[in-house]
Structure formats: structure tokens, C-alpha cells
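Notes to accompany the following structure.
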Amino acid sequence: MLARSTTLFFLGLTTLAAAGPTTEAEASALLGEAECQPYGYQPVTNAILAKQFPPIWVPVPSLQNDTDALAKFRSIEANIPKIAPKGENGVPSNTTVYDRAADPDCWWTQAQCVQPKAAGVKPDIFNVPEPRTLGYGFDDGPYCGHNAFYNYLSQKNQKATMFFVGSNVLNNPLQAQRAVADGHEICVHSWSHAFMTAFNNEQAYGELYFTMKAIKLVTGYTPKCWRPPRGDVDDRIRFIAQSLGLDNVMWKYDSFDWEKGLNGVTEDTVRSNYEKLISDASTGVLNTAGAIILAHELSNYTMQVAVDYYPKLAAAFDHIVPIAVAFNKTQPYAETDLTMPDFKQYIAQRPASSSNSSSSNNSNGKGDGKNDSSNSTNGKTSVSGASAAIVVRPLSTGGILLATLAVAIAML
Ligand SMILES: [Zn+2]
């Protein structure tokens, strides 16, 4: 249990009793059998009633009357690269004319550009520096039914980078809290998952700002990284994100798991995309620098395929790490009381051989089925590579109580 989340509850920011329900057992007590059943969470309810957020799952119309957001936006507005929006309200325009060959805006959607052309804009992250290493992460969460998937990652002692949609964070706040409690890194993935280059400056700022605000409200932490939905970014959007302290994390390998059943993408397509990454790792293609894969906690299917391929990825790569770890970013949030290990520390805590192990160990010995992936010393919370085991159960959207029972039985 993170000291931080406990503190949150002592501060009275929620009406929920006892410690934060950041474990599956605690969440089940609150949510009942249906993991995806909507629930109320007082801090979110209060914030929505106070109109502190724009409507959920609607493209941010403006910064509204958020004076803090407006002041920050006005302070950077004049320096935003003069690039016209490529649509309206997050919807691309089919009349946009763009010189793809010259690619003046470093528009990834058209040219897969990752080296900005506007002055002072930081380059994208699209791979990881360590060879034979995989930067591991999942977009579009927090998904309401992700507990079994997160259990699996915990059992494998595996941390990842989670790119959260602000609207999902307000809908599924306990699931967002669990990501932090489990030691994952949280990044921003916009408010409404629309096309970022199709927003005006203020809207684009709001899509990121309100997602950061939602994550801060629910978890207590402010992310320092983001990923544009569909990779739709240009130098104007990069600058706006950078002004909010967000590093842009792209990818080089796309599982296309999100597209299964659409546009001719089949389960075979997704498998072959994973196999290509594994093949490249196994044949020396990634011996100079590692890779980042795009995958999703979007549905049971995308999580299941991630689970199915995890052992193969673990066998093919020397290391699988969150993005922050790959770049030795030991302070993944604006708040400095939570640290992550650097790359050397992470792999030292988690030898490569353990990746392939199907066995698990319960390091806390308490048999309570809780994650013990963090510890608190001198008021600082650090996320370590070690964690206690959780019994894995098949992925499903329900059955939390059964899973809790399974944990209890396994501990007997
Ligand atoms: Zn997405």
C-alpha cells in the first residue's frame, strides 16, 4: 500500500472507509461482483458538481472558467508554433492540404516524423536507449475490468507505463489508483481521445491539462509524459504538451490490437505484429537500441493478447521496463515523494531470468493477496521491482468475489 494513498484518505478527500481500495479485494468490497459497474467516488463527484472538469468523453470545448488553466495557457500562448489546426473540435478535416514530402509541421500522422522542426521543441521518445530492451506500456485506460490483467503483471513482477484517458480516470478512479499502487508509471493520453492536431490551441491545452488534473485529483500525482491518441501530433501540439511538462512518448512497433475486427485487422494480424517484434528482438535488429510497443488496456481481447505474448516477449528481450525506467527518470511525477528505480536498479531488482519464470513468490508472507510493490521510508515512497504474488485468474469482466476467494484459498 502506498503511504501516499493512505495519506489521501486520512486527509478526508473521500467518504470511503478505511484505507484506499487499491487492491482487488478492497475494490470488490466496494464494487460487488460487477467490475465494470459504475460507482460513485466522492472527490470526483464533488469536482464534477463544482464544474472543475469539462464534460466526460466530450472534446474539451475551452478552458472554461478555470482561472489557473487560463493563466498558464495565456503565459505560453504567444510562443506556440504558428501552425493551423488540421480540423475542428478534434475531428480531422478532409480538406486539409499537406505537403507530406516536405512535412513542415513534423506531423506524425502523415510522415511518422519524430524529430521536430520548430525551434525549441523536444524530440519524441519512440524507442528506448538500452539494447534488447522493451519499453512496455498500455494506452486507453484505466479500463474498468483491468484487475485480472494488473494481477497478471503483478505476478510477473512487471511494471509498465499506463497512458490514461482523463475521462476514464474520472469514470474509473479506483482503477487509476491501483495503477499507482502497483508501481506502474502513469502518463497522459488526452481527455476525449480525439485527434489532437484537429483542436485549436486552447482546446489542445485543455485536453492535456484536464487529464493531468484528473490524474492528480484521483491519485495525488501529476504525470510528466503523454502519448497522443493515434499518434496524431505535430510541432504545435508538441509545444503545448511540452509547456505542461509532458514528454511525448511514441512507439515504433504497433500491435494494432485496438483495431482487431476493423479495417481488415484480424487476430492473426495482431499476432503477426507481436511476432515481428519478437523476431526483431531475437535476430539482432534491436541490439543497438531497444523498442517501444503500442498496446492497449482497452478490452478483454487486448489485455488477453498482451498476457498471451508476455512470456514470449520476456524470452526474446533481455529486459522489459516502463518508459521512465528506460530513461532513468527516477521522479516520474511533479510531486517528488514517489520515486522509481533507474534502469540499473530496476534490472538489479528484477534479474532477466525472472522474466521467464512462471513461478511466483509471496515476499510479504502475510497471505493477504495484496500487492507489496512499494515501501515507504522517511516519508518517501519508492516503487521497487519486487512484489508479492497474486493468484491469476482467467480474464473476465466479472467475478471479483470469486477471485478474492481464490486468493484466500490459495493462501490456506
Ligand atoms: Zn489511445
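The values are calculated or read from the model by the stated rules, or taken from the named source; none is laboratory data. Computed from a predicted structure; not experimentally measured. Backbone-built Cβ (ideal geometry, glycine too); neighbour counts: all protein chains shown.
The residue list L286, L262 contains one member that is in contact (Cβ under 8 Å) with a residue 40 or more places away in the chain and not charged (D, E, K, R), which is L286. Quickly run through the range 339-355 and pick out the residues that are farther than 21 Å from F163 by Cα and in a helix (DSSP H, G or I). Of everything in the range 339-355, those that are farther than 21 Å from F163 by Cα and in a helix (DSSP H, G or I) turn out to be K344, Q345, I347, A348, Q349, A352, S353, S354, S355.
Residues checked against (1) within 16 Å of the ligand (Cβ to nearest atom); (2) out of contact with any strand residue (DSSP E or B) (no Cβ under 9 Å at 6 or more places or on another chain); (3) among the polar types (S, T, N, Q); (4) at pLDDT 95 or above:
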residue: H189; (1), (2), (3), (4): yes, no, no, yes
residue: F199; (1), (2), (3), (4): yes, no, no, yes
residue: T222; (1), (2), (3), (4): no, no, yes, yes
residue: I240; (1), (2), (3), (4): no, yes, no, yes
residue: E259; (1), (2), (3), (4): yes, yes, no, no
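Please enumerate the residues belonging to the range 201-213 that are away from the ligand (no atom under 15 Å from the Cβ) and closer than 13 Å to F163 by Cα.
If the condition is that a residue be away from the ligand (no atom under 15 Å from the Cβ) and closer than 13 Å to F163 by Cα, then M212 is the only one that fits.
Looking at the range 137-147, is at least one residue within 22 Å of G231 (Cα to Cα), in contact with a helix residue (DSSP H, G or I) (Cβ under 8 Å, 6 or more places away or on another chain) and more than 16 Å from the ligand (Cβ to nearest atom)? No; the residues of the range 137-147 include none that is within 22 Å of G231 (Cα to Cα), in contact with a helix residue (DSSP H, G or I) (Cβ under 8 Å, 6 or more places away or on another chain) and more than 16 Å from the ligand (Cβ to nearest atom). Residues in the range 154-180 that are buried (at least 24 other Cβ atoms within 10 Å of the Cβ), aliphatic (A, V, I, L, M) and either away from the ligand (no atom under 16 Å from the Cβ) or modelled with pLDDT under 95 (or both): L170, V180.
Of all the criteria given as (1) of a type in the set (A, V, I, L, M, F, W, C); (2) closer than 23 Å to H193 by Cα; (3) in contact with a helix residue (DSSP H, G or I) (Cβ under 7 Å, 6 or more places away or on another chain), the one not satisfied by F126 is (3). Just so you know, in the range 225-238 the residues that are of a type in the set (K, R) and more than 15 Å from the ligand (Cβ to nearest atom) include one that is farthest from D99 (Cα to Cα), and it is R238. For the range 115-133, state whether one or more residues are polar (S, T, N, Q) and surrounded by fewer than 23 Cβ atoms within 10 Å (Cβ to Cβ). Yes, because at least one residue in the range 115-133 is polar (S, T, N, Q) and surrounded by fewer than 23 Cβ atoms within 10 Å (Cβ to Cβ).
Going by the conditions given, is Q115 without any contact (Cβ under 8 Å) to a residue 60 or more places away in the chain, of a type outside the set (A, V, I, L, M) and part of a loop (DSSP other than H, G, I, E, B)? Spelling it out, Q115 is indeed without any contact (Cβ under 8 Å) to a residue 60 or more places away in the chain, of a type outside the set (A, V, I, L, M) and part of a loop (DSSP other than H, G, I, E, B). Scanning the range 305-319 for residues that are of a type in the set (F, W, Y) and in contact (Cβ under 8 Å) with a residue 40 or more places away in the chain, which turns out nearest to Y150 (Cα to Cα)? Among those residues, the one meeting the criterion is Y310.
Among the conditions (1) within 27 Å of A78 (Cβ to Cβ); (2) in contact with a helix residue (DSSP H, G or I) (Cβ under 8 Å, 6 or more places away or on another chain); (3) buried (at least 20 other Cβ atoms within 10 Å of the Cβ), N201 misses just one, which is (3).
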